[in-house]
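These notes are about the structure you will find just below.
The values are calculated or read from the model by the stated rules, or taken from the named source; none is laboratory data. Predicted model, so just to flag it, every value in this text is computed and none were measured. No Cβ is skipped: glycine too gets one built from the backbone with ideal geometry, and neighbour counts run over all protein chains shown.
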Amino acid sequence: MRDYSAGARRSMNATSGEAPLILLEIAHPDLGAPVRVVNDNQNLTHQGNLFVALDFAISLPNDMEKQVPRAEIGMDNVGRELTQWLEASGGGEGAQVRIMQVMRDDPDVVEWETTTDLSNVEMDWARVNGALGYEDLLNQPGVLLRYDPQIAPGLF
């Protein structure tokens with residue numbers, strides 16, 4: 001269970017309580033400033049930064065054996081800026097996504113956050129989809145060439 005602030009718990013437990021809003025901050029070396037969006041129907045200012053209202057969906061990371069957990073993100077393909085950036089950056093390679101939860105009545109307090117890499121971005125006329133997670137470094141070999149009977153039979 002996540003530890004929410006007292007104000008957030010009070011708001012979520014009220015009969016007309018609000019759900020936490022999800023903020024995305026997409027950073028990439030090719031971007032002058034991060035792309036900031038909020039999953040809501042109106043814009044939100046968080047810690048002096050404007051987050052533009054945009055419909056998007058995030059699925060939770062999977063828990064498959066022998067695989068790195070990955071989450072999925074999908075958002076509406078609106079605006080030429082996103083399309084132009086994705087094409088110029090080779091599909092957003094090297095981008096990082098900061099995911100935050102805030103309450104509308106106190107948007108400067110971050111209730112929960114994480115930062116992940118963005119990869120496998122696919123785009124069509126209606127949606128932009130991508131994978132959130134980290135590169136699987138732990139299951140990669142430690143050396144480029146390993147000496148075994150097939151590579152160096154004289155050693156064995």
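Among the residues of the range 79-110 satisfying the criterion of being farther than 22 Å from residue 55 by Cβ and small (Gly, Ala, Ser), which is surrounded by the most Cβ atoms within 10 Å (Cβ to Cβ)?
Across the range 79-110, the extreme among qualifying residues is 89.
Please go through the range 2-51 and pick out each residue that is small (Gly, Ala, Ser), modelled with pLDDT under 70 and loosely packed, with under 12 Cβ neighbours inside 10 Å.
Passing the criteria: 14, 16.
Can you spot a residue in the range 111-128 that is in a strand (DSSP E or B), at pLDDT 90 or above, polar (S, T, N, Q) and surrounded by 15 or more Cβ atoms within 10 Å (Cβ to Cβ)? Give the steps one after another, and end with the answer.
Pass one, the range 111-128, residues in a strand (DSSP E or B): 112-123, 127-128.
Narrowing the set further to residues that are at pLDDT 90 or above leaves none.
No, the range 111-128 has no match at all.
Looking at the range 96-103, can you tell me whether even one residue there is out of contact with any Ser or Thr (no Cβ under 9 Å at 6 or more places or on another chain) and at pLDDT below 85? Give the derivation first.
Narrowing the range 96-103 to residues out of contact with any Ser or Thr (no Cβ under 9 Å at 6 or more places or on another chain): 101-102.
Next, only the ones that are at pLDDT below 85 stay: none.
No, the conditions are met nowhere in the range 96-103.
Which members of the range 96-126 meet the condition of being touching a residue at least 60 places away in the same chain (Cβ under 8 Å), over 16 Å from residue 40 (Cβ atoms) and under 9 Å from the mean Cα position of the chain (by Cα)?
If the condition is that a residue be touching a residue at least 60 places away in the same chain (Cβ under 8 Å), over 16 Å from residue 40 (Cβ atoms) and under 9 Å from the mean Cα position of the chain (by Cα), then 96, 97, 98, 118 are the ones that fit.
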